[in-house]
Amino acid sequence: MERDFKAMVQVMTLEEKAGMCSGADSWHLKWVDRLGIPRVMVSDGPHGLRKQEEREDGVMNRDSVPAVCFPPACATACSFDRDLLTRMGEALGEECQAEDVAVILGPAVNIKRSPLCGRNFEYFSEDPYLASQMAAAHIRGVQSRHVGTSLKHFAANNQEYRRMSVDEIIDERTLREIYLAAFETAVKEAKPETLMCSYNKVNGEFLSENHWLLTEVLREEWGFAGAVMSDWGAVNDRVKGLAAGLDLEMPGSGVMDGEIVEAVKSGRLPEAVLDKAVERLLRVIFDFADHRQQVQLDWEAHHQLAREIEEESMVLLKNEGVLPLKEGSKVAFIGGFAKNPRFQGGGSSHIHAFRVSDAWTAAQGMAELFYSEGYEGDGEQTNEVLLRQALETAAAADAAVIFAGLPDSWESEGYDRSHMRMPEGQNRLIQEVCRVQPNTVVVLHNGAPVEMPWADAPGAILEVYLGGQAVGEATVNALFGRVNPSGKLAETIPYRLEDNPSYLNFPGDGKRVEYREGVFVGYRYYEAKKMPVRYPFGHGLSYTEFAYRDLALSRVEMEEGGRLTVSLKVKNVGSRAGKEVVQLYVADHTGAAARPPKELKNFVKVELQPGEEKTVSMELDTRSFAWYQAEIHDWYAASGEYEILVGASSQDIRLRGILSYRSHTRLPFRVYANTTLGELLARPETRKLVEEAAGRMQEHVGGAEGEDSGSEAINPGMQLGMMENCPLRALRSFAGLTTQDVNQLVERLNQALEQAER
Ligand code: BGC
């Protein structure tokens, strides 16, 4: 049914319209019976449905309804699998239809600037391209069921400390390339029905009233046609917010609708702005209301999907032949997480899982199992008795698996971690068990990287992250080789927190936080600094091996606006079936700007039987080569050479090719008295004129070419170097020009540039 939302808005009273722009309570939008506008509900995600049920008396139950807790984004991003995320989205959409929920809040694409951010477990990656692809796939899945999503938290909500007031100081290039890019691509590719603005300020302006971001960038540039809602309690000035593009205040405070009415009556807010906001909200409401589906939920199937997603996501960080474990052998499971796994983080994304599988139960029948607690509580302190028991159990078995990780209270919405360490008692347990049992595997349950001072000791490390409610089965299947791990790290694991690029500027002084590392976030920084890391971005092992060959570029020259197809062959050269994530990076060799050594621009996951070889292809376009040129406020790729790098991780590049790129964009360039000779010598249009003028300068600083200058202080190479950094005005001091001469030269140079442009 095509509805005429404009007409609907026309017949609403001013009060009804203002009312629509805030929630009825924490989770419902308002409704208008006389116009048939129904009451719809939004609920948290992102990786499960957290619907707070209404009691008979209309009050919300504190507990949410039982649902399926899929793996959070920290894990799913490591799948590098778009289809998998879409399937998860479809399942979420079905759960929403079954529970009468119109919008599920998520996915969350904030960039992992620091490993300490308390909500990193809900975010995908340190890389905006990967985050954008995972988010877009998730959105497509949910929305295919006529349930809305809310892409969040827009924007630059990269820490929890003072999240409701902090001012994030970020230069435009960094903002565009790193912190907005995942939102941009997800908006353009998947069209989320809503977007949630974050609490924080960016460069002095709250997101909830940031006209530049909510209207100019989001709507006018990116074409976002959905509604913007506030994060819960993010509204500062309601009227200013509405004018900036914030349609819905959540939860409804009940006190700010009147301010909107007043502002319209007094002429401070054009009524058309309000009308537009209401229209956008009606679209979201009716997309759901007009497409209600009778869904018979199959929870068991969703639980199995949660298992499959986790199996595709967990990352085998290290394996020296210990894994897979032999079925039927004697295996010691050590650590409380074996029986009570940590599978999700704290805060608004906390799902009431209808069932949780633990490794201990899941492994019954697969091996001769022994259990030892290993540590007490969070494992901060060593319990000597438990440690001794663990050592005995481990020594007596064929292999030991330590289920370790971060305690619940260390990772949650609302606050950040203060360090990157594991609980000290767990660190010691790992060290000591490895001493008595060479076949030790460490299974890590955590939402963000930890320092692993013991990493050399165990025979294998399996990072399961926070694995959702089926984590136990998934882990055991990977440990015993029923599943071949195929996840790749969506973030770098540094040796220590101090190595992280944001270390000196995180989380700021309580008022402001400056993003001084610029675009050098995550692997972009570690690689630029040639800094060794514990495990690099994109790393992840398999029980089989893959060989790459025959890189082919569909063209070796590309013009701005063109496309490039990169293809290659991947072969499973091991003896087990497995999946490989083939990663495509681009390196800018033009020297036009300070850029990271390489950036991820595409990837594909491919399944291969032993001995099987497949050709895979990936596309690149102009944007894949571009950086954000702040002078022209646009994306820009300079003419020149770019290297195409294909690999199994950011540091395991297997194939390389060169592309020659031609830009049609001319960067604006004007000459001033302070323009350097170097800049002018580099341009064919100005070189000749400058060479003439500079010839005299050479004489001045050390004799003309060919002559013995008689001075060893300045050799010709040095002369050139000095000249390059000289501004035109200095020709007065070194080449005998007058101020008038310099001004004339500036004029002639600008004329030469204009002529060349014509
Ligand atoms: C969180 C959002 C969440 C909302 C509703 C806020 O505190 O930042 O991510 O969707 O609460 O629970």
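What follows is calculated from the coordinates using simple rules that are stated; it is not laboratory data. Since the structure is predicted, the reported quantities are computational estimates derived from the model, not experimental observations. Cβ atoms come from the backbone with ideal geometry, glycine included; neighbour counts cover every protein chain shown.
Some points to look at:
- Within straight-line reach of Lys191, meaning a Cα separation under 15 Å, sit the following aspartates and glutamates at least 8 residues removed in sequence or on another chain: Glu220, Glu221, Asp287.
- All lysines inside 20 Å of Lys51 as judged from Cα atoms, apart from same-chain residues fewer than 8 positions distant: Lys30, Lys152
- The modelled label-to-label distance between Lys529 and Ser733, using points 7 Å beyond Cα along the C-beta direction, is 3.7 nm.
- Both the radius of gyration and Dmax for the range 639-684 are 17.4, 50 Å, in that order, over alpha-carbon atoms.
- In the range 55-117, the trypsin sites (Lys or Arg not before Pro) that fall in loop regions by DSSP, at most 11 other Cβ within 10 Å: Arg55
- The range 1-37 versus the range 521-536: alpha-carbon centroid distance in Å: 51
- On the principal axes of its alpha carbon atoms, the chain extends 89, 74, 48 Å, with the longest extent given first.
- Here the label points at Glu2 and Gln431, each 7 Å from Cα along the C-beta direction, are separated by 7.2 nm in the simple model.
- FRET efficiency, Asp57 to Ser409 (Cβ-Cβ, R0 41 Å, nearest 0.05): 0.80
- Set Lys188/Lys598; Lys339/Lys614; Lys188/Lys318; Lys17/Lys201 screened for pairs whose C-alpha atoms are more than 32 Å apart: Lys339/Lys614; Lys188/Lys318
- Exposed loop sites were defined as GluC sites (Glu not before Pro) in DSSP loop states (anything but H, G, I, E or B) carrying at most 16 other C-beta atoms within 10 Å; in the chain the longest segment without such a site runs 57-319.
- Three-way shape call for the range 14-159 based on the alpha-carbon gyration tensor, with the a/c threshold at 1.5: prolate
- In the chain, helices alone account for a calculated mean residue ellipticity at 222 nm of -8500 deg cm²/dmol, with every DSSP H run of four or more residues adding -39,500 (n - 2.57).
- The range 439-494-the range 577-619 distance, computed between alpha-carbon centres (Å): 23
- Each of Glu15 and Gln751 was given a label point 7 Å from its Cα along the Cα-to-Cβ line. The distance between the two points is 7.3 nm.
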